[in-house]
Amino acid sequence: MNLKEKIEDINSMILTGNQMEAFDKYYHEEVVMQENSNPPTVGKAANREREIQTMQKIAAFHGAQVKAVAVGDNVTMVEWEMEVTYEGAPRMKICQVAVQRWKDGQIINERFYYSMN
């Protein structure tokens, strides 16, 4: 699989509710993930736990769509638009760009740039 096929597979898995399966399949053991300018989370186990905790805070998921995908040399970028309701919060629209850097066929670094409104 080339990077275009891999990122399309990840996106498809996310859109069908299989986020953690995508994570287990495509993320490197040494992955570093970062939300906006927050401190990064290092390692697959720590990031897996962070992902699970984030998903558990969602009271209702109202949908998501991929707006654009870009593929370069060992880098992919995905523009997402999603609507969610977090526990104790009003429904919100999240516009996000995820930038993935690849090593050995897996994501070694991912950074999310987003705003919520």
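Being under 15 Å from the mean Cα position of the chain (by Cα) and surrounded by 17 or more Cβ atoms within 10 Å (Cβ to Cβ) is true for just one of 18, 11, 36. Which residue is that? Of 18, 11, 36, the one residue that is under 15 Å from the mean Cα position of the chain (by Cα) and surrounded by 17 or more Cβ atoms within 10 Å (Cβ to Cβ) is 11.
Just to be sure, is residue 22 among the small types (Gly, Ala, Ser) and within 13 Å of residue 106 (Cβ to Cβ)?
Working: among the small types (Gly, Ala, Ser): yes; within 13 Å of residue 106 (Cβ to Cβ): yes.
Yes: the conditions hold for residue 22.
Listed by first and then second residue, the pairs linking a residue in segment 76-102 that is loosely packed, with under 15 Cβ neighbours inside 10 Å to a residue that is of a type in the set (D, E, K, R) and not in a strand (DSSP E or B), with Cβ atoms under 7 Å apart and 6 or more places separating them unless they lie on different chains, are 86/57; 87/57. Hey, could you check segment 46-56 for residues that are surrounded by 12 or more Cβ atoms within 10 Å (Cβ to Cβ) and not aliphatic (A, V, I, L, M) and say which is nearest to the chain's Cα centre (by Cα)? Residue satisfying both the conditions and the ranking: 51.
Read-outs throughout are calculated quantities, based only on the coordinates presented, and are distinct from any laboratory measurement. Just so it is clear, the model here is predicted, and its values are computed rather than measured. Don't worry about glycine lacking a Cβ; one is built from the backbone with ideal geometry, like all the others, and counts go over all protein chains shown.
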